[in-house]
1. Looking only at Cα atoms, what is the convex hull volume of the stretch 119-352 per residue, in Å³?
2. Along the charge dipole of the stretch 152-203, Cβ charges K/R +1 and D/E -1, which of Q157, M179, F195 sits furthest on the positive end?
3. Pairs of alpha-carbon atoms within less than 8 angstrom and 6+ residues apart define the contacts here; what relative contact order does the stretch 543-715 have, in percent?
4. Give me the net charge for the shell around A454: Cβ to Cβ below 14 angstrom, other residues only, Lys and Arg +1, Asp and Glu -1.
5. Can you give me the C-alpha center-to-center distance between the stretch 263-281 and the stretch 745-822, rounded to a whole angstrom?
6. If you average the C-alpha positions of the stretch 339-369 and of the stretch 405-429 separately, how far apart do those two centres end up, in angstrom?
7. Quick check for me: using +1 on Lys/Arg Cβ and -1 on Asp/Glu Cβ, what's the dipole size of the stretch 119-352 about its Cα centre, in debye to the nearest 20?
8. Find which of S126, S240, P305 sits farthest along the positive direction of the dipole of the stretch 119-352, computed with +1 on the beta-carbon of Lys and Arg, -1 on that of Asp and Glu, about the Cα centre.
Amino acid sequence: MSLWSRIANAVRGERLNREIEEELQSHIEEAIASGRDPKEVQRAFGSALRAREVSHSVRAAEWLASLLADVRFGWRQLCRNKLTSLAAVLSLALGIGSCVAAFRLIDALLWRPLPISGSSRLYVLSRTLTGPEGRPIEDGYWATPDFKVMRDAVKDQADLIAISDADRTDITWSTDDDMEKAHVVYASGNMFPLFGLEPALGRLLAPVDDRSPGLAPYAVLSWDYWNHHFGRDPHVLGRSLHIGDQTFEIIGVGPRDFTGTENGTVTDIFLPLSMNSLATRDSVTWHRTFLMLKPGVNPATALEPLRQHLSSVSRAFELDCSTCSRGMTPATIDRYLNKTLVFNPAGAGISDLQKDYRRLLGVLGLLVALVLLIACVNVANMMTAQAAARGQEMALRISIGAGRRRLVQLILCQSALLALLASVLGAFFAAWAAPFVLSLVNPPDNPARLALPADWRVLLFGFGLIILVVLLLGLLPALRASAVRPVAALKGGEDPHSPRRLMRGAIALQVAFCCLVLLLSSLFVASFQRLQNRPLGFSTDRLLLLETVAGKGQLPVVWSQTAEALRAVPGIDSVTISGWPLLGRIMINSDISINGAPPSPTPSWFLSVSPGWLSTMRIPLVSGRDFRPQDTSPGVAIVNETFAKTFFPGQDPIGRTFERGANEPINKIVGVTPDAPYRQLRDPIRPVFYVPLNEIDDKSAPKAVAFATFTIHTDTENTLTLADSLRRFIAQRHNGLRVSNVTTQRDLVRDQTIRERLLAMLAAFFAAVALLLAGIGLYAVLNYSVLQRRREIGIRMAIGSTRAGIVRIVTFDVFLMIVLGGCTGVVLGLGAARYVASLFYQVKPTDADMIALPTCAILLTALVATLPAVLRALRTDPTEILRAE
């Protein structure tokens, strides 16, 4: 009989048994009909049960039949304890679903290869150097002329590809009223051919498009942008789009799966590298450089010589760059040139999102793994209790011939059923959780986008996770069940306290894991609260920000006239102008020279503002005055207190002067403001100076302003209700100003804490889950202990034991395990929290801040979990126990 037939017969189960019985009976009847004695026939055939088993083993795969029988028995066991089984399934589902969701995010952001050919041969070039503040930093951006020199130097062994970040850019399709945001990437013409990509429509960028600056005004749409913006209209070819004063012709649509090399961002439009005005500037680093090895080149032997060669070529270029070192001190020049070239694998893409969230996802993975471990220990504890209660059943099975392997299989089948049921629910949870967490990563106006397919990678991880859960759940109960001694078990057992000791040890392990989760969670929550409550030094109430562009630029008087017109709009208190908002995307620093001395090694950040901007932002003056309408830059400046302490220690800065670099015009300090964060809430306060928006050139003529932000203080709390009307109001003036983006100062501050808020929210959620699971496990152990010791408790109460004594004998051992596990968890948790804090935070919470809340939470959970068991013990009726004796 074939293997498939035996497997099919094993699945048929009882129906096969009936067929075998009917066949045996027909043979007996035939023998009797032929004249043989019935008793002789029965003796000839032997035991009917044995004959059926022999026939069954011949016709069916015995291993599969026993497995199916154990699965059916395990299902009945789960159905007998519906509440316990439901709690176990939900606990495991949450743990499995969280693990799968975390894997989907980590895989999509860090591990999943780009849909290109030769992704394993792709590397990104960066340089490590000492930053202005003396700390090592990594610079991953390059000047285009430097890129071209390096590309020509290694063209025999590798190809270099230049790709910019996917910046949100203002584009128009016909008129200025059609302005919208799109993620635009500038790429060298060899990107698409080297990546082995084919167009979905038209053609892609080619090396010929890099021939000369400004001579290839072509654009390629991504398939995603073509799909959602144009509905896959094939007539999109030939249409024009406008970026600033440039016009581009759409020549093609990219392949469906390729969305760029920047994980977390879907590129909308690809433009030739040569069409960016920065492509001709030696001193501006603005795009990334990728290296793709030629086919057949061995990375093990080729990368180091390539790195050394490219390092020397790039250094020679920077030494020859006449504009790179202008105004720099010798120390700054040495730091600028003292760089180490680094190759990093880029087959999975490269982005700031990877850099910002790599460690966060690692911590998230640790948290979900700990939650899964707590759930597994919890369920394994329940199964151990059930196995202990079924000790006599297991002994009886062994006595009548069941092998120990069969007992292990029986327990593991029940574990597999729990894991499979939990995995189904966990799959639904993971399908919801991964996109939900991703939606919280970036601000709502620029959400992170990642491909999260449920492909073979996710399925393989889920399958491995199920196997791990089955082993964690069932291995210990299975080994314990297989080690049962039939005689001792049938007599009542050699050590009735052994199951309780095992379960209490599991409680200590649960509490230790729970403390670890709680301490990490308290770190993230406390750090978020500390960052959120950090004094800003300015107000965020009712501040509307209109980020505005002016094409080739408009004179400051045009900006001032527009601000004056906005002040007359109902609902507006005040209107001022800044170059860009505080805590926004733009941040620019400058070298500072005092009294003609070489520039200081400490740079300062600056911001151009109009008169009255400080009062609109509610930034008071410590000393001096605000800007006046006639003030210009260079000429006067207002500095913060850190600037004054850094460059004029122990002196009154009012009236003193500084230059923005060596041999630059002088700025006279006319005011001092309190410190306020400039670019990041996480960063320490840095020197900052403010200059008038009205900037003049060498001939004292005003310079045009290409972009600025109107800072508007409104009467209404919901400032965004005025956004559309103010956008239209500025457009209707027809003075060349257009609103590019609308936000609020409060949103910018909130966006600064997105990472910390996400960590705190997830950590708080997993901490609550860990507490719930620990409470369930503690309740299960105490409840089992009370049931097993019910006779002992009744006898103690009958001979006069007090209620306090009963409570002590019920809870003492468990609370001892809680203390032991808690102390272990606190030690491990503090070590882990300190390490994680060193990775994420410059200002760390104290140990007392982190320990207080977890300790209270553990104690409260223990009290709540033990209360039902204590009440059950105190309600024991000693008369009933004695009567039963």
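The values are calculated or read from the model by the stated rules, or taken from the named source; none is laboratory data. These numbers come from a predicted model, not from an experiment. FYI the Cβ positions are ideal-geometry reconstructions off the backbone, even for glycines, and counts take in every protein chain you see. Protein only, heavy atoms only, side chains kept; ligands, DNA and RNA dropped before computing areas. Shrake-Rupley method; radii C 1.70, N 1.55, O 1.52, S 1.80 Å.
1. Working: hull volume 32.8 nm³, N = 234.
Normalising the Cα hull of the stretch 119-352 by residue number yields 140 Å³.
2. Going by the charge dipole, the pick is Q157.
3. Numbers: 381 pairs, mean separation 66.7, N = 173.
With pairs under 8 Å counted, the relative contact order is 39 percent.
4. Values: positive: R104, R112, R457; negative: D107, D455.
Summing Lys and Arg as +1 and Asp and Glu as -1 gives +1.
5. The stretch 263-281 and the stretch 745-822 have Cα centres spaced 56 Å from each other.
6. When both Cα centres are located, 34 Å separates them.
7. 780 debye
8. P305
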